[in-house]
Amino acid sequence: MSENGKSRAGGADMDPRDAIELQVNGEPRRVPGGLTVAGLLDRLEVDRRTVVVELNRRILRRENLEEEQLDAGDRVEIVRFVGGG
Amino acid sequence: MSTVLPRDAGPRTSAPADEPLAIAGRSFRSRLIVGTGKYDAPATMVEALRASGTEIVTVAVRRIDLDATKEESLLHHLDPEEFFLLPNTAGCATAEDAVRYARLGREAGLHDWVKLEVIGDQETLFPDVAELLAAARTLVEEGFTVLAYTNDDLVTALKLQDVGVAAVMPLASPIGSGLGLLNPVTIRILKRRLDVPVIVDAGVGTASDACLTMEQGVDGILMNTALAAAERPALMAAAMRRAVEAGRMAYLAGRMPRREWAVPSSPTGGMLA
């Protein structure tokens, strides 16, 4: 599903008229309107148990991801733990 | 290739008991804290962490790679039941950034501890102490347990303690340099003057560096590159474990005085005529 290009462009299932543009980890990304943060993570095939999401500099609680609605121009940061000293 | 490690010496009934390392009301048997960066492979890292005997391991917070979201996360390899995961703010250059990363780390983890790092110079990775103090103040107010990476400056260390950090972590030498303990005197001064634990963070290169550092009386050591960049990380980790224990024991034992003349160890009387 996430074979390059397609998922970046928002997926084949998306009607371009409904698409909105977000900044996800600093990159522009078109997604269908009405998407929640949980929906975005699913589209990106990200395991939500291993990440933390910041929406417009506001850290989201994992249990609220289903309710957080995305709007055009939103800045989304998805982070996780990596090796470090 | 798995590394053959020396067997543990078994119960150390003959060694006098040491106090556990206590930070913010939590006790740890190991005085060695280990970073998880720069390992060639996750299996190598886990093998080294286990061989080190560490209970606390540091982790960084970074953006996920959107082109490789299926990649196993670090948490796949590190069981929070086995290791206490301590998020850091490595790479942050301002108090604002460090606070942001600390909050993200708290949300990603299971507690409110943070290893606070605010870097002021990219070549030396020396801390920006003004930003460090500002970040520490904010984070302590927000209820974080802050372990602050700093230089070996007493005045900054005292200010960090006043702000309410749970541990002060002076460098032995620059991060990743492997130069060992450059100034034992300043580290001893810090230890003598501070009430919070002093954990030397950064610069240790090999076992003798760790031993010498612990002999100064500090409460613990944090290291990463010394293990990750060793040819055999798990074997170096096992060496570091013993070096930290040996240095600690030697400190507790109280070393003999230095003198620049010889004193015979064998009786001077009873020699043949």
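Taking the criterion of being within 14 Å of another protein chain (Cβ to nearest Cβ) and either touching a His at 6+ places or on another chain (Cβ under 6 Å) or modelled with pLDDT of 70 or more (or both), the residues of the range A:1-35 that qualify are A:LEU22, A:GLN23, A:VAL24, A:ASN25, A:GLY26, A:GLU27, A:PRO28, A:ARG29, A:ARG30, A:VAL31. Of B:GLU47, B:GLU72, all but one fail to be of a type outside the set (Gly, Ala, Ser) and either closer than 15 Å to B:ALA229 by Cα or away from every other protein chain (no Cβ under 12 Å) (or both); the exception is B:GLU47. Against the conditions (1) more than 10 Å from the chain's Cα centre (by Cα); (2) in contact (Cβ under 8 Å) with a residue 24 or more places away in the chain; (3) surrounded by fewer than 24 Cβ atoms within 10 Å (Cβ to Cβ), B:ASP209 satisfies every one except (3). Among residues of the range B:16-30 that are over 19 Å from B:ALA250 (Cα atoms), those with a beta-carbon under 9 Å from a residue that is hydroxyl-bearing (Ser, Thr, Tyr) and not in a strand (DSSP E or B) at least six positions away or on a different chain give the pairs B:PHE28/B:THR54.
In the range A:48-63, the residues that are under 17 Å from A:GLY26 (Cβ atoms) reach residues that are assigned to a strand (DSSP E or B) with C-beta atoms within less than 6 angstrom, at least six apart or across chains, in these pairs: A:VAL51/A:ILE78; A:VAL51/A:ARG80; A:VAL52/A:VAL79; A:VAL53/A:ILE78; A:GLU54/A:GLU77; A:LEU55/A:VAL76; A:ASN56/A:ARG75. The single residue among B:MET236, B:MET223, B:MET249, B:MET214 that is at pLDDT 95 or above, hydrophobic (A, V, I, L, M, F, W, C) and in contact with a Phe, Trp or Tyr (Cβ under 8 Å, 6 or more places away or on another chain) turns out to be B:MET214. Here the condition is being modelled with pLDDT under 95 and among the polar types (S, T, N, Q); of B:SER52, B:SER14, B:SER27, it holds for B:SER14 alone. Against the numbered list (1) modelled with pLDDT of 95 or more; (2) surrounded by 17 or more Cβ atoms within 10 Å (Cβ to Cβ); (3) within 12 Å of chain B (Cβ to nearest Cβ), A:ASP74 comes up short only at (3). Across the range A:37-55, the qualifying residues are those that are more than 30 Å from B:LEU147 (Cβ to Cβ) and either over 10 Å from the mean Cα position of the chain (by Cα) or within 7 Å of another protein chain (Cβ to nearest Cβ) (or both), and the one among them that is surrounded by the most Cβ atoms within 10 Å (Cβ to Cβ) is A:LEU44.
Rundown of residues vs (1) buried (at least 24 other Cβ atoms within 10 Å of the Cβ); (2) free of Cβ contacts under 8 Å to residues at least 12 places away in the same chain; (3) part of a helix (DSSP H, G or I), yes/no style:
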residue	(1), (2), (3)
B:ASP162	no, yes, yes
B:ALA172	yes, no, no
B:SER177	no, no, no
B:THR186	no, no, yes
B:MET214	yes, no, yes
B:ILE221	yes, no, no
B:LEU235	no, no, yes
B:GLY269	no, yes, no
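Looking at this structure, is B:THR124 more than 10 Å from every other protein chain (Cβ to nearest Cβ) and closer than 30 Å to B:MET249 by Cα? Here the answer is no, as B:THR124 does not meet what is asked.
Can you tell me which residue among B:VAL99, B:VAL61, B:VAL57, B:VAL129 is away from chain A (no Cβ under 11 Å), β-branched (Val, Ile, Thr) and either within 20 Å of B:LEU222 (Cβ to Cβ) or in contact with a strand residue (DSSP E or B) (Cβ under 7 Å, 6 or more places away or on another chain) (or both)? Talk me through it step by step, then tell me what you get.
Working: B:VAL99 fails: either within 20 Å of B:LEU222 (Cβ to Cβ) or in contact with a strand residue (DSSP E or B) (Cβ under 7 Å, 6 or more places away or on another chain) (or both); B:VAL61 fails: away from chain A (no Cβ under 11 Å); B:VAL57 fails: away from chain A (no Cβ under 11 Å).
Result: B:VAL129 is the single residue among B:VAL99, B:VAL61, B:VAL57, B:VAL129 that is away from chain A (no Cβ under 11 Å), β-branched (Val, Ile, Thr) and either within 20 Å of B:LEU222 (Cβ to Cβ) or in contact with a strand residue (DSSP E or B) (Cβ under 7 Å, 6 or more places away or on another chain) (or both).
Output the number of the condition that B:GLU231 fails; it satisfies all remaining conditions of (1) within 20 Å of B:ALA41 (Cα to Cα); (2) assigned to a helix (DSSP H, G or I). Evaluating B:GLU231 over (1) within 20 Å of B:ALA41 (Cα to Cα); (2) assigned to a helix (DSSP H, G or I) leaves (2) as the failure. Checking B:ALA250, B:ALA228, B:ALA210, B:ALA202 one by one, the residue that is within 14 Å of chain A (Cβ to nearest Cβ) and closer than 17 Å to B:PRO184 by Cβ is B:ALA202 and no other.
The values are calculated or read from the model by the stated rules, or taken from the named source; none is laboratory data. Owing to the predicted nature of the structure, the values given are computational and were not obtained by experimental measurement. Here Cβ is always computed from backbone atoms with ideal geometry, including for glycine, and neighbour counts include all displayed protein chains.
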